[in-house]
Amino acid sequence: RNLLPMQKGDVPQTYAAPDLLRELTGYVPDTDVPKGVTRFVEWYRTWKG
């Protein structure tokens, strides 16, 4: 990891929450982060070759 000072467009903290998505669509995400990252890496390796 090469840590750099804050870059243009970086935000120090986000407050993302799925509340509005749930309210509007009824969708509730149910994939935990470790499983989601694993699936993404598998997909990316397949896609990238």
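How many of the residues in segment 9-31 are among the hydroxyl-bearing types (Ser, Thr, Tyr), out of contact with any Leu (no Cβ under 9 Å at 6 or more places or on another chain) and assigned to a loop (DSSP other than H, G, I, E, B)?
Adding up the residues that qualify gives 3.
Out of all the residues in segment 32-46, is one or more outside any helix (DSSP H, G or I) and either in contact with a Ser or Thr (Cβ under 7 Å, 6 or more places away or on another chain) or on the phi < 0 side of the Ramachandran plot (or both)?
Yes, there is a match, as at least one residue in segment 32-46 is outside any helix (DSSP H, G or I) and either in contact with a Ser or Thr (Cβ under 7 Å, 6 or more places away or on another chain) or on the phi < 0 side of the Ramachandran plot (or both).
Determine whether residue 1 is out of contact with any Leu (no Cβ under 7 Å at 6 or more places or on another chain) and assigned to a helix (DSSP H, G or I).
No.
Cβ-Cβ under 8 Å, sequence separation 6+ or interchain: first residue in segment 29-49 and modelled with pLDDT under 95, partner part of a loop (DSSP other than H, G, I, E, B) and surrounded by 10 or more Cβ atoms within 10 Å (Cβ to Cβ). Which pairs?
That search, which allows pairs on different chains as well, returns 29/18.
The values are calculated or read from the model by the stated rules, or taken from the named source; none is laboratory data. Treat the numbers as computed from the prediction; the structure is a model and nothing was measured. Every residue, glycine among them, receives a Cβ derived from its backbone with ideal geometry; neighbour counts consider all protein chains shown.
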